[in-house]
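Here the structure is laid out as structure tokens; the discussion comes afterwards.
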Amino acid sequence: MQVFTQKRNPITGSTEWDVQHEDYDYHQEIARSAFADMLHDSERNKKYYRALQLAIEKMHIDGKKANVLDIGTGTGLLSIMAAKCGADSIIACEAFKPMAECCLKILERNGVADKITVIPKRSTDITVGEDGDMKEKANILVTEVFDTELIGEGALPTFSHAHKYLLEEDCIVVPDSAIIYAQVVECPTLQKWNKLNDLADEDLNIILKTPQKMKDCAGSAAVHDIQLSQLPRQAFRELSEQIPVFYYDWSGKTPIDFKRTVKQEFKVIATGKAQMVFMWWELNMDTEGKIVLSCAPWWSHPDADLSSERPQDSIPWRDHWMQAVYYLPQEISVQNDTEVTLISCQDDYSLWFYLEDGKTKYKNYKRPVCECGVHMILSRTHVSYLNDGRRSKKFLSQLKEELVKDAIVLDLNGSSFMGLASAKLGAKHVYIVENMNLNIGILNDYIKENNLDNVTILSDLSDEIFKEVTNITCDPNFSTAVLPWENLKVAYLLYKYKSKLRETISIIPEGCEFWAMPVEFQDLHKIRIPLDVCEGIDMTVFDSLVESSRLISDAEIEAQPLWEYPCKCRGQPRKLLEIDLQHLTPTFATDGTNPILDIEVDDVQPVNGFVLWSCWKIGGKSISCGPTEWPAVGERVNWDPHTRQAVKILKKSHNVSGADTWSYQVACDLEKGQFDVTIHLVHDS
């Protein structure tokens, strides 16, 4: 059975009805449950396994039964490990019903269904007693309720409740404890993800000043989770050593604090601007602290091979636990060898940080809240895009060249500043199309800060305005766009207004292209490929569940910030589609088959995915939203960090040769605002 659901079309901006499977939301939750990514983490699995083995052995040595409680069991992996280690009884709770049902099938498949009792409840709803869910309290707890922020998934209330109601006083917990580390850094690269800079041209003349309220805004305390190990080492300066800021005793020997503020003085190790805090954590898996699982970036990771060409490749890869960036409410200049104070704050589910020196003091350490609008309406990636001087300087240069005397400019993207820049560069008047109130608020703040009196913001356009317009500008990166082709909103709008525009009108950008190529992801494919067997445990039941749900709920192609996820080029980039914005037609459609390589080669190479991206033409020059330089087959690709690319991950890796090909189909309907693309690897047989 199918049902109608509403969804927003990012190209047209309108809300449309779409036909979906009646259990679409249910299947989407399964498909995006992220269990597979975590279960591909071999180091995590092995360290949990070993710590469980030690805990069960210790109970038996002490003459006790090993009664295990597994909170948030998911697929049942940790419970099955406990059974293999000889646990006497095992209770596994899982509140997500589809996963609880899947877990029962996995237990049956692995021959341990009689040893493990699955309770489809949250641990906080479990009762203990003769008529309860558990007959007696457990003396071993194993759980994995952590996220990048460590406590964001409710670890604190989960452990606190378990010790109060579900566990014996003298119990063993796996993991036993955790430590959160912080490091104060200067990183202009990442600061571009947080604060809007003044807009400057190629001669470094300031075209638009950023409103003071945005410069002074404390920003958002929301964590910026990121693969810090992929950040170029020269992009940041360490201003402190790693500082242990919070210790969490999961064992129950000491009470858990739900709210706390810790002040720590430290000696600055380099002169610079303290802009943010890098954060990561480690788990002590056993009671003696011999088994440690670290989520540190490579320069602080205990297992990193610092002598290797790429030390970041020598540590375990994870996408479920990354590192975190917390932007300080105020940037502070610090001097080498001076003492400053780091203030680390924690509530039930989150963290935030302040920094104080002799001049900078705070009356309170409340969680920072955005008061300028930027951090509420614009994604961090979009903020970084607006700060991308490489792109904006080309755009500004072309604007200067094309603005005619007494120019009337129409800006089709109110989430960028090119219309405002036109007003400063000499346009007689600028009309900006925008209907989102928060975007309008940001534009009005810029208008006031830069004393602009020749700008009008409109939600719709009249025929009279079209008669005036001499220039159209549209920075092809809308704040609502996620996938590359969603920025074709510019083509949709131009086609919509086509009959009303002068034939001689100037349009920036003048066109776009869509490109694709086969790649070998170093690790990203693990978020989608099947588990099959995990630590000797058959997980094919889970694979089938996830795959069937993905077919119902997930698109074949998704957006990813590929600068964080290394890959190698495994075939020549190919142009799929080209659109001339000066000569638009209602539809564009192409298809074709491409060889992996232009020449026949004997060697085979692995391909596990495809990447698609857009290139925009400005002044005859191409601005890539994909590779920052032309990819060389067999080499790593450097990706534009200010946009997301489109990714298709194959279900398995394929060894291909020069005889193999890949095919594609692209269809673009500008009247309906629809874009469809499919891509397939074709083996030569």
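Worth a mention:
- Condition check for residue 396 on (1) touching a Ser or Thr at 6+ places or on another chain (Cβ under 8 Å); (2) modelled with pLDDT of 95 or more; (3) over 20 Å from residue 457 (Cβ atoms); (4) not in a strand (DSSP E or B): one failure, at (1).
- Scanning the range 257-311 for residues that are of a type in the set (S, T, N, Q), within 23 Å of the chain's Cα centre (by Cα) and within 27 Å of residue 157 (Cβ to Cβ) turns up just one, 294.
- Any hit, the range 645-657, residues being crowded, with 17+ Cβ neighbours inside 10 Å and part of a loop (DSSP other than H, G, I, E, B): no
- Residue within the range 292-304 that is surrounded by fewer than 20 Cβ atoms within 10 Å (Cβ to Cβ), farther than 25 Å from residue 566 by Cβ and in contact with a Leu (Cβ under 9 Å, 6 or more places away or on another chain) present: yes
- Selection from the range 92-110 of residues that are in contact with a strand residue (DSSP E or B) (Cβ under 7 Å, 6 or more places away or on another chain), open to solvent by 10 Å² or more (accessible area, probe 1.4 Å), under 17 Å from residue 538 (Cβ atoms) and without any contact (Cβ under 8 Å) to a residue 60 or more places away in the chain: 104
- Residue in the range 504-512 that is over 21 Å from residue 404 (Cα atoms), over 26 Å from the mean Cα position of the chain (by Cα) and charged (D, E, K, R) present: no
- Within the range 426-440, the set of residues being polar (S, T, N, Q) and either outside any loop (DSSP other than H, G, I, E, B) or under 16 Å from residue 405 (Cα atoms) (or both) comprises 437, 439.
- When the range 467-496 is filtered for residues that are farther than 21 Å from residue 8 by Cβ and either touching a residue at least 40 places away in the same chain (Cβ under 8 Å) or surrounded by 22 or more Cβ atoms within 10 Å (Cβ to Cβ) (or both), the ones remaining, listed by number, are 468, 469, 470, 471, 472, 473.
- Pairs where the first residue, in the range 242-256, is farther than 19 Å from residue 162 by Cα and the second is aliphatic (A, V, I, L, M) and open to solvent by less than 20 Å² (accessible area, probe 1.4 Å), C-beta under 6 Å, 6+ apart: 243/182; 245/180; 245/182; 246/180
- Residues within the range 607-634 that are in a loop (DSSP other than H, G, I, E, B) and either buried (at least 17 other Cβ atoms within 10 Å of the Cβ) or in contact with a strand residue (DSSP E or B) (Cβ under 6 Å, 6 or more places away or on another chain) (or both), tallied: 4
- Test result for residue 251, closer than 20 Å to residue 179 by Cβ and not basic (Lys, Arg): yes
- The set of residues from the range 497-535 being open to solvent by 30 Å² or more (accessible area, probe 1.4 Å), over 24 Å from residue 562 (Cα atoms) and touching a residue at least 60 places away in the same chain (Cβ under 8 Å) comprises 498, 510, 535.
- Scan the range 536-556 for residues that are crowded, with 20+ Cβ neighbours inside 10 Å and in a loop (DSSP other than H, G, I, E, B) and the total you get is 1.
- Residue in the range 578-597 that is open to solvent by less than 40 Å² (accessible area, probe 1.4 Å), farther than 30 Å from residue 49 by Cα, in contact with a Pro (Cβ under 8 Å, 6 or more places away or on another chain) and not basic (Lys, Arg) present: yes
- Any hit, the range 314-337, residues being among the polar types (S, T, N, Q), out of contact with any Lys or Arg (no Cβ under 6 Å at 6 or more places or on another chain) and without any contact (Cβ under 8 Å) to a residue 24 or more places away in the chain: yes
- Residue match in the range 387-406 (condition: touching a residue at least 12 places away in the same chain (Cβ under 8 Å) and under 30 Å from residue 342 (Cα atoms)): yes
Table: residues versus (1) among the acidic types (Asp, Glu); (2) open to solvent by less than 20 Å² (accessible area, probe 1.4 Å).
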position	(1), (2)
175	no, yes
184	no, yes
187	no, yes
192	no, no
196	no, yes
201	yes, yes
205	no, no
213	no, no
231	no, yes
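- Selected residue (criterion: modelled with the lowest pLDDT) from residues of the range 658-683 that are open to solvent by 30 Å² or more (accessible area, probe 1.4 Å) and outside any strand (DSSP E or B): 683
- Among all positions in the range 335-357, there is no residue which is in contact with a Gly (Cβ under 7 Å, 6 or more places away or on another chain), crowded, with 20+ Cβ neighbours inside 10 Å and not in a loop (DSSP other than H, G, I, E, B).
- Within the range 312-334, considering residues that are within 23 Å of the chain's Cα centre (by Cα) and of a type in the set (A, V, I, L, M), the one surrounded by the most Cβ atoms within 10 Å (Cβ to Cβ): 324
A quick yes/no check of all residues on (1) part of a loop (DSSP other than H, G, I, E, B); (2) open to solvent by 10 Å² or more (accessible area, probe 1.4 Å); (3) touching a Lys or Arg at 6+ places or on another chain (Cβ under 8 Å):
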| residue | (1), (2), (3) |
| --- | --- |
| 241 | yes, yes, no |
| 247 | no, yes, no |
| 251 | yes, no, no |
| 255 | yes, yes, no |
| 262 | no, yes, no |
| 279 | no, no, no |
| 282 | no, yes, no |
| 289 | yes, yes, no |
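- Residue match in the range 59-71 (condition: assigned to a helix (DSSP H, G or I) and either in contact with a His (Cβ under 6 Å, 6 or more places away or on another chain) or open to solvent by less than 40 Å² (accessible area, probe 1.4 Å) (or both)): yes
- Any hit, the range 136-148, residues being acidic (Asp, Glu) and surrounded by 21 or more Cβ atoms within 10 Å (Cβ to Cβ): yes
- Matching entry among 519, 490 (being part of a strand (DSSP E or B), modelled with pLDDT of 95 or more and in contact with a Cys (Cβ under 9 Å, 6 or more places away or on another chain)): 519
- Listed by position, the helices (runs of 4 or more DSSP H) inside the range 154-236 whose residues that are closer than 28 Å to residue 422 by Cα and at pLDDT 95 or above number at least 3 are 188-191, 212-216.
- Of the candidates 414, 419, the single residue that is under 29 Å from the mean Cα position of the chain (by Cα), of a type in the set (Gly, Ala, Ser) and open to solvent by less than 10 Å² (accessible area, probe 1.4 Å) is 414.
- In the range 362-383 there is no residue that is part of a strand (DSSP E or B), more than 17 Å from the chain's Cα centre (by Cα) and surrounded by 19 or more Cβ atoms within 10 Å (Cβ to Cβ).
The values are calculated or read from the model by the stated rules, or taken from the named source; none is laboratory data. Please read all numbers here as calculations on a predicted model, not as lab measurements. Cβ atoms come from the backbone with ideal geometry, glycine included; neighbour counts cover every protein chain shown. In case anyone asks, the SASA skips ligands and DNA or RNA and just uses the protein heavy atoms, side chains included. Shrake-Rupley method; radii C 1.70, N 1.55, O 1.52, S 1.80 Å.
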